[in-house]
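What follows is one structure encoded as structure tokens, with my remarks underneath.
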Amino acid sequence: MKQAPKTVSDVIRTHFDGLTRAERQLAESLLDNYPVSGLGSITTVADNAGVSTPTVARMVQKLGYKGYPEFQAHLHQELEATLSGPIAKHDRWASNAPGTHILNRFAEAVMNNMRQTLSGLDTVSFDDAARLLSDRRRNVYFVGGRITGALAEYFFTHMQVIRPKTALMTANTSSWPQNVLNMSEGDVLVIFDIRRYEADMETLAAVAKASGVEIILFTDPWSSPVAKHARHCFKVDIEAPSAWDSSVVTLFVVEALIEAVQSSAWDETRERMNTLEGLFEKARLFRKPR
């Protein structure tokens with residue numbers, strides 16, 4: 001059974017089909033610049049969406065909130081969570097830390113992250129993402145941020161062995177236009193963007209999508225702005241008793257995708273691996289010790 005939606009945007013999307021035309025117009029306005037679009041007064045939100053104030057009041061109650069103040073309080077909590085820096089995160093965990101060893105506390109947090117992520121992971125979306133990554137006709141690009149760039153490189157390192165036509169984009173945004181220039185309709189762009197999101201990532205995603213590129217996003221429960229451009233969005237739980245977010249479950253999903261892709265055409269993958277081993281053998285610098 002899937003867990004209840006954890007963000008206001010999740011709640012809006014869950015209830016979207018049951019909204020009236022005016023309420024859908026309001027919902028689209030809120031999601032367009034989420035969560036900032038919902039932080040103004042009820043009158044401002046109504047005016048920006050081109051609906052009446054009573055429409056806003058009715059919709060937030062339909063979403064399950066007691067009123068607009070409670071609705072907005074949830075948005076403020078989400079915004080605070082996404083802007084949390086390492087120092088604030090460490091202080092919050094330290095003030096509530098149980099008297100057990102850090103290994104136990106970290107293991108408990110990671111296992112909880114795994115359970116929460118799996119309960120909300122759409123297997124149909126996972127399978128389609130694996131199908132896109134398995135399609136040898138498509139070029140696949142990988143990009144991450146200051147920290148998540150390591151995850152993008154890890155994913156790329158495995159995928160370049162499994163299949164041809166892969167590319168790792170550097171963290172240097174000035175080189176991105178050349179990458180986009182090489183992208184064709186139907187290609188795949190894998191983006192990692194965790195809270196304290198990078199504005200350049202959304203710009204990259206928007207431009208790539210406009211060129212017909214399919215986007216696969218790895219983000220957190222609060223969801224990067226890139227999500228509005230993504231065909232598939234993997235929201236992974238990342239909380240840990242640390243100043244840093246945990247990448248354990250993100251890596252788990254990545255490795256599951258790697259296995260799904262290599263198994264989809266194992267004969268071809270095995271041939272590439274054998275050829276690569278032969279090249280390593282011929283290269284003196286990479287010759288295995290005897």
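Overview of values
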quantity	calculated
Filter pass, ALA230 being open to solvent by less than 20 Å² (accessible area, probe 1.4 Å), touching an Asp or Glu at 6+ places or on another chain (Cβ under 9 Å), assigned by the TED database to the domain that holds THR170 and within 30 Å of SER174 (Cβ to Cβ)	no
Residue in the stretch 280-290 that is touching a His at 6+ places or on another chain (Cβ under 6 Å) and open to solvent by 20 Å² or more (accessible area, probe 1.4 Å) present	no
Of residues in the stretch 10-40 being touching a Phe, Trp or Tyr at 6+ places or on another chain (Cβ under 9 Å) and of a type in the set (Gly, Ala, Ser), the one modelled with the highest pLDDT	ALA27
Within the stretch 176-200, tally of residues that are more than 22 Å from GLU239 (Cα to Cα), among the aliphatic types (A, V, I, L, M) and open to solvent by less than 10 Å² (accessible area, probe 1.4 Å)	3
Top-ranked residue of the stretch 157-175 - restricted to ones that are open to solvent by 40 Å² or more (accessible area, probe 1.4 Å) and in contact with an Asp or Glu (Cβ under 9 Å, 6 or more places away or on another chain), ranked as farthest from ALA260 (Cα to Cα)	THR173
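The values are calculated or read from the model by the stated rules, or taken from the named source; none is laboratory data. As the structure is a prediction and not an experimental result, all values here were calculated from the model. FYI the Cβ positions are ideal-geometry reconstructions off the backbone, even for glycines, and counts take in every protein chain you see. The protein model used for the area step is the full one, side chains on, heavy atoms only, and it has no ligands, DNA or RNA in it. Shrake-Rupley method; radii C 1.70, N 1.55, O 1.52, S 1.80 Å.
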